[in-house]
Structure formats: structure tokens, C-alpha cells
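**Student:** If you scroll down you'll find the structure; I have some questions about it.
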Amino acid sequence: MFARRFRQMGNFYIKRYFKQTELQVLQRYRSYSGSVYLVDEAMNESVKLKQKTNKYTFRTCTCGQLTLQNVGFRVVLCGWLEFQRLDKFIILRDAYGQTQCILKENDEEIKEKVKKLPFESILKVTGTVLARPKDMTNKKLPTGEIEILVDDIQVLNESSELPFNIRGFQKPKEAIRMQYRYLDLRFPEMQKNLRVRSDLLFKMRQFLMDSDFVDVETPTLFKATPGGAQEFIVPTKFPGQFYSLVQSPQQFKQILMAGAIDRYFQIARCYRDETSRPDRQPEFTQLDIEMSFTTADGIMELVEDLLNYVWPDFVGTIPPRFKRIKYEEAMELYGSDKPDVSFDFKLKNCSEIFPQTSVNMNFGAYCLQIPEKYASLTKKTKEEFESLAKQFPAVKFVQNKISTKSNWISRMKQLLTEGVAAKVADEIGLLDNSILFLGYGDKNQVLGLMGRIRLLYADHLEQSGHEIRRKGMHLAWVTDFPLFELNDDGSLNSAHHPFTAPNPEDLHLLQETPLKVRALAYDLVLNGNEIAGGSIRIHDPVLQENIFKLLNIDASSMKHIIEMLSSGCPPHGGIALGLDRLLSILLKTKSIRDVIAFPKGAEGRDLVSGAPSSVSERDLQMYHIKCIS
């Protein structure tokens, strides 16, 4: 028998619709591009498609795999019924893509079976790969030049009525997506995000293992850690005694250093009893690293090499070494310890101009001038900034559209005095038709407010169509953090954590002026978001006890740490990278929930299962718990 051939643009293809006699011919032969394949041979060739993705399964290929090179192959596809039309075509979708399948005109049994199926039913489709006619290809799909002529369809699982369709143009609100996460995960964006995450973590492991680091799992159940965020408490069968879920493996990784595991890493689960935010979860993942006999420079270079190794191609390139900014400089210029260096609006310190400096040692005055090109201060924006300023009660905040320098001085003479206003204008080089934001009062609050104003105004301009932030990923190290900060009651608190080593140059300040002591700590900032933080640790037991005393930490609760340091613990340091936040920035998602398979919702709840949930009275008694409300 001979296959009927149809010529179009120099290539052979099988006509889309053919009679029963032509179907019989097709069962033996397949023609395309001048080549004739026996179907039996095509079935043998299809074995080549069973690569890593399809090995161990009964499908021969995925729905994103077939191209014109596979025309004539007999294949088995499995996936979700995404769409059907004209009682002739169905779209089958899986995690790898979509494939169009065409039903034979005279196969009423299959047509009737498919017609009754709801979308998202699971199908197994057996058929032969055809080339689509040239005028019917879909250039948007990798499989858009082929289709499957269906021989058989098996319904593996018929879907029930779903709360929403898997359609990008009609995504439901986040709360519904979280509740039905198993449906939300079917969206291509979520598929991509989780696969990028998997690839990134694999490369991190690969880089660290090749650098002689040892992957060590540490316990999740531990004891309460002094300082830091609120921890989750886990009851036990021992009356009055509780575990605590670890905020991080900090103490364990230091203990590993004493145990001669001199290069440790772990992709660690961490827990903090905090309200969920777009960039924060009560349950999160970090890459934890610790190394003996190192310095701050050594840790920072390690992370730079690591990120250059794992950086996804779709994001672009990053420099081999990152910009470094000292904490004081970051606060002075950007009003933040996680400065967004992707744009240039910077604060100007004009504290010395104000007479209050002599009577208030913590006084600060800072300006932010916006040139005429970007001077767009709407009424709505002004109201937003005024509302924000109320959150900083120790700050006087002024925002003005400047017509002329002399006019502004005249307007400000009652608030600032004419002399101070004139000096401010001269100091910052006040420009006509610009915008000026000025904050003065408690220095810490002023910087906090002005740093927020800087970011929000940049957002406002970008929403108006201006390009303010430079494209790409902008990384910067922030170093020389203070070792301590003040609590509201005037007591000392660790700016990082109580195991952070002080800068050796500042040890003489530790007792008399501890707030001036710098820490050997470092944070990595990406586009204004902290993605990593670490420090060199204290390895001297005497110094560690001294720090505990300054922080009013009961040394008996840290006896195991003191004994560990006293056993001959090497100098060491480390860092932790927040993987959820890093991935969210790389993938440009609105929330870290979009890069986590099963995140907690806005209130910290698991919306799929309903956790947390109540337990039986028997369990309460077993764990010596009494509910008081």
C-alpha cells in the first residue's frame, strides 16, 4: 500500500481530515519532509523519548516534549484535560507543557467519552504524532507544530467541580489559592518557581560539597534561646518543661566547630512566632553555613563565589565581588541598614546647622532633595507621608514643593528661624522647582522616617512612569554594625545575637561605652532587601561570659556553650541566607508565599488543613496543658 501524500511548501504532511481508508494507510506509514517511517519503527524510536523525566513511568513523553522530529512516533501522554473544542480537539497539560490532541472523526466512542469529562480530569492518551498544517501552528508553544492523532483515551481520574479554573487571566485571590494549594500549584508560574527553587538548592549543595563542606542535620526541638524573636513552645510529657522550635541552628553549628566539623552547611528549617508578611513566614528556610579558622572577609568571599555559581541565567549576571558599605554610611546616606543602592536619591546630614544639637546628643536633622525632573508631589502622596510621619512621634517632618530658594526660606522662618532655614538651603544647594523633605528630632527616628520616605517616593515616581531604579540585581554588603542596641527600658540588647564577636579594636570600650563597640557582623542586601546575615563568633569563653553579663543573660542557661568554648573551640564564623526571600526577588514575586510549596497564610495558618487546630482533652492532660480561654 502507498500512503497518500499532500505537498505544501516543499514538505509532505498527512491531511488533517481523512477518510477511513486513509486511516488504515496511516496505521502502517507516516510521511513527512520526504521521509517515510514504518509505524512499527516509529514505536521503537519513541523509546528514545523515555529520558529521565519519563523513566519508571508508563508515559513515553511529557506534554512539553514533542517536536517535528517526533512525527510518526507512537506515544503515550498523561496529564490534565485543560480544554476541548469542536468535539475534535483536546489540550492535554502536565507539569512540562501542553499538547494538542485530535480525535478521529469516526471514533464516536472516544468523542462521547471526552465530551462528558470536566476540565482537570486526568487522562492517558495513546496516539501518533502528526505535523500540524503550516497555517495552523502555534508559535507560542514548544509543541505548537505537532498534534497527537488519538487512538485511545483512558480516564485515570475524573475531576469533580473545582472552586476555580487553572486560567492565568482569572486567578482567584490569594486566600483561595492558599486554601486549594494543590490546584494553585498547577499554574505554570508555580511550576516554574518550585523548579527554579529546586535547581538553586541543588547547585548550592553542589558548590559547598565541592568546597569540602559537610551537610549536617541539626535538631528542630531545642531549648529557648535568649534574645531574638518570639519562639514556638512545644509541650512535653514532663510537667512544666517545654521544647522550643529553633529560630536557627546557631548554637548547634558553633558546637559542630568545636567538634572539628570545620566546614558545615545545612538547608535548615527555622521557626519564629511572628505575624506573616509578604517577605516573612513563621516557618522558613535558610542556607546555614559555618566555617572554622576564617575571617569576615573569608565568609563574604565564600558567599560571593557561591552566588556567582548558582545565579540563574534568566536573571543576568552579577559582579564577582560585591559593593561594601559600613553601617554608619548606610544609615547616613540611605536611612536604612538594608539600603537600596539601585537608585541615587541620598540623604543629606544637616544636624550641625540646628541649635538643638548642643542640648540633645541624640539629635539629628536630615534632608532629601528631589530635583525638578522628578518633582511630582501629589496631594495623595503628601497625605501618605504625613500619616507615615505620625508613626515617628519624636520627629518634626516638613515636605515642600520649592518655587524659589528665597520663597522657601521665607516660609520656613517661623518654624526653623530665618537663619537656620537659610543655612539649610545653602548647605544642600536648594534648587528652584525641586521638592524638599526635611526631618529633625531624635536621630534614630529621623533616619528611620527619611529612609522610608526615600523608598516610598521612588515607588511613587515609578508608578507614575519614571524609571528610577536601575535594572538588574544590586548587591551590597553592610558591615561594622553596632554590637549592642538599647531596649526601651535602657538595657542593652544584641543587635545581631549574643554570640557575635566584638571588633577587637573596640574591646577597650566594652565596659564603659558598650554602644560604641562595633560587631564583626555583616549583612548582604539585594535591591534593598536583606537576604543574608552573619558574623564572626565569640570563641573565648571568658569574653562570652562577659557579654552574657552585659545582656543580663543567666549564664547557667548557657552553661553548655561556655563548656563547649572552654574545650578548645577554634575561631569561627558563618552566615545564613534566607532562601525564600532570595528566590522571591529573583523570580519577582509579590510574596515569598509564591516560592514556597505550602506556605502559611497571612495570619500564620495552614489554609489547606486548617492548622493550628484544637486537640482532645486527653492530649491536653497528657501534656499538662490547661486552656484558659
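**Student:** Return the loop-located trypsin sites (Lys or Arg not before Pro) in segment 159-209 (DSSP other than H, G, I, E, B) with at most 13 other Cβ atoms within 10 Å of their own Cβ; answer none if there are none.
**Tutor:** Hits after loop and neighbour filter: 167, 173.
**Student:** Considering amide H positions built from the backbone, and no H for Pro or chain starts, which residues 5 or more places from residue 363, or on another chain, come under 5 Å of its amide H?
**Tutor:** When sequence neighbours closer than 5 places are left aside, the close amide H contacts are 443.
**Student:** Only Cα pairs under 8 Å and at least 6 apart count here; give the relative contact order of the chain as a rounded whole percent.
**Tutor:** Averaging sequence separation for qualifying contacts and normalising by length gives 12 percent for the chain.
**Student:** If we sort 151-157, 264-270 on the protection proxy, mean other Cβ atoms within 10 Å, highest first, what's the order?
**Tutor:** Descending packing order for the listed peptides: 264-270, 151-157.
**Student:** Per residue, how much accessible area does segment 294-387 have with a 1.4 Å probe, in Å²?
**Tutor:** I get 53 Å² per residue for segment 294-387.
**Student:** Let me ask something additional. With a 10 Å radius around each residue's Cβ, average the other Cβ atoms per peptide and rank 618-626, 248-256, highest first.
**Tutor:** 248-256, 618-626
**Student:** How much length would be gained if the chain were fully extended between residue 505 and residue 404, taking 0.36 nm per residue of separation minus their Cα-Cα distance, in nm to one decimal?
**Tutor:** Length gained between residue 505 and residue 404: 31.5 nm.
**Student:** Continuing with this model, one more query. Tally up the carbon and sulfur contribution to the accessible surface of segment 227-346 as a whole percent, 1.4 Å probe, everything protein left in place.
**Tutor:** With neighbouring chains kept in place, the figure for segment 227-346 is 51 percent.
**Student:** Right, next: With loop defined by DSSP as not H, G, I, E or B, and exposure as at most 11 other Cβ atoms within 10 Å, which is the longest segment of the chain clear of exposed GluC sites (Glu not before Pro)?
**Tutor:** 218-466
**Student:** How do 581-588, 339-346 rank on mean C-beta neighbours within 10 Å, highest first?
**Tutor:** 581-588, 339-346
**Student:** Which FRET efficiency value, to the nearest 0.05, do you get for residue 323 and residue 567 by plugging their Cβ-Cβ distance into 1/(1 + (r/R0)^6) with R0 = 22 Å?
**Tutor:** Given R0 = 22 Å and the Cβ-Cβ separation, E is 0.05.
**Student:** Return the subset of 549/626; 124/192; 323/600 for which the Cα-Cα distance in this structure is over 26 Å, preserving the input order.
**Tutor:** 549/626; 323/600, as the Cα separations exceed 26 Å there.
**Student:** Under a point spin-label approximation (7 Å from Cα along Cα-to-Cβ), what is the residue 432-residue 380 distance to one decimal in nm?
**Tutor:** In this crude label model, residue 432 to residue 380 measures out at 3.1 nm.
**Student:** At a 1.4 Å probe radius, carbon and sulfur cover how many percent of the accessible area of segment 81-165?
**Tutor:** 46 percent
**Student:** Against the longest principal axis of the chain, how steep is helix 443-463, in degrees 0 to 90 to the nearest 10, with axes from Cα atoms?
**Tutor:** Once rounded, one gets 30 degrees.
**Student:** If you don't mind, there's one more thing I want to ask. According to the square roots a ≥ b ≥ c of the eigenvalues of the Cα gyration tensor, what is the shape class of segment 233-289, taking rounded for a/c under 1.5, prolate for a/b larger than b/c otherwise, and oblate for the remainder?
**Tutor:** oblate
**Student:** Continuing with this model, one more query. Heavy atoms only, 1.4 Å probe, whole protein assembly: order 572, 508, 497 by accessible area, highest first.
**Tutor:** The ordering from most to least exposed comes out as 508, 497, 572.
**Student:** Continuing with this model, one more query. Mind checking the angle between helix 405-416 and the chain's longest principal axis? C-alpha axes, 0 to 90 degrees, to the nearest 10.
**Tutor:** Roughly 60 degrees, rounded to the nearest 10.
**Student:** Please determine, in degrees from 0 to 90 and to the nearest 10, the orientation of helix 296-310 with respect to the longest principal axis defined by the Cα atoms of the chain, where the helix direction is its Cα long axis.
**Tutor:** 20 degrees
**Student:** Further question: What accessible area per residue, rounded to a whole number of Å², is obtained for segment 152-260 using a probe radius of 1.4 Å?
**Tutor:** Heavy-atom accessible area per residue stands at 57 Å².
**Student:** Chymotrypsin sites (Phe, Trp or Tyr not before Pro) within segment 44-153: which are DSSP loop residues with at most 12 other Cβ atoms inside 10 Å?
**Tutor:** Hits after loop and neighbour filter: 56, 58.
The values are calculated or read from the model by the stated rules, or taken from the named source; none is laboratory data. These figures come from a predicted structure and were not determined experimentally. Using ideal geometry, Cβ is built from the backbone for each residue, glycine included, and neighbour counts are taken over all protein chains shown. All accessible areas refer to the heavy atoms of the entire protein, side chains included, with ligands and DNA or RNA removed. Shrake-Rupley method; radii C 1.70, N 1.55, O 1.52, S 1.80 Å.
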